[in-house]
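Working notes, structure below.
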Amino acid sequence: MKTHHIAIMGLGTVGGGAYDILTQNREHIKSTQGLDISVKLILDRNDEPLKKRGIPTKLFCDSVDKLAADKDVELVIETMGGVEPAKTFITKMLTAGKSVVTANKELLAKCWHELEPIAKAHGCGLFFEASCVGGVPIIRALGESFQGDRVKSIYGIINGTTNYILSKMSSENCSYAEALKKAQELGYAEFDPTSDVDGYDAAYKLSILCSLAFHTCVPYGSIFRDGITKVTASDIKNAHDLGYEIKLLAIGKREGDGLEARVHPVFVPKDHPLASVSGAYNAVYLNGDFVGDLMFYGAGAGAHPTGSAIVSDVIKALSGKPKYCEFENNGKLDGSVKLIGDFVSGYYICVTVDDKVGVLSRISTILGNNGVSIKAATQVPGSDDGATVVFLTHLAREHAVMQSLEAIGKLAAVRSIDSMIRVL
Ligand code: NAP
Ligand code: HSE
């Protein structure tokens, strides 16, 4: 049996996980897939990551140009992360005719349209199952299952760190800061958690998922994004009292030429399948016009789940011809697609007011004047002659709710607008 030589650029969490699977399951892959895969070279900043893992240092490669020039190496795994130098390194590999398997959602979301033509021009492939939802084979499912369907909507919990934080706040009634600290201690959240908690990571993944699901380029820049940093313990308690869990959802919807792509916290009804996805787990709930509802669930991160997706791509790349986007992947929203910023949703609104006659009526008048209908309202007396009022609205337009909040915030009796969270 021919041995396929491959290389890894970046031996960290995911690169190390992929190496473990490729070495520990080498015989299994040989016997089941008919492929003998050997890691010939590993590029990193130095050979420390190899020593730490007990990998022979003769595999260490200190130069991307040496790696690109190695004629034995057919395929390269990129698990360094970030845009540069990953983009330059991948370009060198593709230009040398080597297929690339990457977990790098940020690079994909920002530069897929630049990298794919290079792969195509050199007859090699760019594979990225590991870029979205870790070990869950969602990229493969979108490309190779229910192809006869039109995907109408995707609702995803596609960031494990934020799901862990929100689950912790929900189960232990703790603050955002306490839950974040725990997530950092456990290694879910990074020292600088911005990419996860502000929704960038989920937006990168949603850009990739929506482009594949809707067969049109959904640029990262077109995604509405709001993170979880403003979610409070009171919001979680109010959500529970009303029968909801709060989740950071990545939402993509396509109807005709209209497209919604957004990432923000959402009140999810407790009986919705996504409400019970907790901890660092991920799930993608999608609807196709004929297949109906499907839910994909599993570990969205971690060395071995993500490494498993990498190895699956390696096997796919070595087994057949590369596949390219069937839509025009030019990094721009197609002119025929209308991005819907004024989407329709339910809303949870929490305000602190002076507990005086007529305050509720002034707030409801503003909402009514903007066409926002109140579904439920609860008032809890607070300190200092104040009160907290919680509203749930019927379906309303985003812009109408924003205009209402601006006007409500200007009322003399309104002390603060504490929260606004969209409701599924
Ligand atoms: P990581 O643990 O930080 O590993 C990255 C490795 O690449 C480190 O050894 C790093 O060295 C090395 N590296 C970075 N820049 C380099 C450069 N310029 N030259 C040589 N080596 C370089 O990161 P990771 O968590 O494995 O993530 C890798 C990729 O997978 C990212 O794109 C990430 O978004 C994606 N991903 C991660 C997960 C997950 O669970 N972690 C899941 C899905 C996707 P230093 O440590 O010295 O910088
Ligand atoms: N930071 C990401 C998460 C890693 O928390 O889901 C997986 O992409």
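The values are calculated or read from the model by the stated rules, or taken from the named source; none is laboratory data. Quantities reported herein were computed from a predicted structural model and do not represent experimental measurements. FYI the Cβ positions are ideal-geometry reconstructions off the backbone, even for glycines, and counts take in every protein chain you see. In case anyone asks, the SASA skips ligands and DNA or RNA and just uses the protein heavy atoms, side chains included. Shrake-Rupley method; radii C 1.70, N 1.55, O 1.52, S 1.80 Å.
Here are a few things to note about the model shown:
- Taken together, the criteria place residue 54 among residues that are in a loop (DSSP other than H, G, I, E, B) and either surrounded by fewer than 19 Cβ atoms within 10 Å (Cβ to Cβ) or of a type outside the set (Lys, Arg) (or both).
- Tally of residues being surrounded by 24 or more Cβ atoms within 10 Å (Cβ to Cβ), assigned to a loop (DSSP other than H, G, I, E, B) and within 14 Å of ligand 1 (Cβ to nearest atom) across the stretch 191-229: 0
- Test: residue 40 is basic (Lys, Arg), closer than 23 Å to residue 3 by Cα, away from ligand 1 (no atom under 14 Å from the Cβ) and in a loop (DSSP other than H, G, I, E, B): no
- The stretch 300-315 residues that are under 13 Å from residue 19 (Cα atoms) and at pLDDT 95 or above, paired with ones that are open to solvent by less than 30 Å² (accessible area, probe 1.4 Å) and among the polar types (S, T, N, Q) (beta carbon under 8 Å, 6 or more apart): 310/79
- Single residue of the stretch 57-71 satisfying the filter (in a loop (DSSP other than H, G, I, E, B) and charged (D, E, K, R)) that is farthest from residue 12 (Cα to Cα): 71
- Residues of the stretch 282-313 satisfying the condition of being within 13 Å of ligand 1 (Cβ to nearest atom) and part of a strand (DSSP E or B): 282, 298, 299
- Where a residue in the stretch 131-152 is touching a residue at least 12 places away in the same chain (Cβ under 8 Å) and of a type in the set (Gly, Ala, Ser) and its partner, wherever it lies, is more than 12 Å from ligand 1 (Cβ to nearest atom) and part of a loop (DSSP other than H, G, I, E, B), with Cβ under 8 Å and at least six apart: 143/323; 148/290
- Strands (runs of 3 or more DSSP E) wholly inside the stretch 72-163 that include at least 2 residues being away from ligand 1 (no atom under 14 Å from the Cβ), more than 18 Å from residue 310 (Cα to Cα) and among the aliphatic types (A, V, I, L, M): 151-157
- Within the stretch 218-247, if we keep just the residues that are touching a strand residue (DSSP E or B) at 6+ places or on another chain (Cβ under 9 Å) and among the small types (Gly, Ala, Ser), the residue that is nearest to residue 111 (Cα to Cα) turns out to be 222.
- Among the residues of the stretch 275-293, just one is free of Cβ contacts under 8 Å to residues at least 60 places away in the same chain and of a type in the set (A, V, I, L, M, F, W, C), namely 275.
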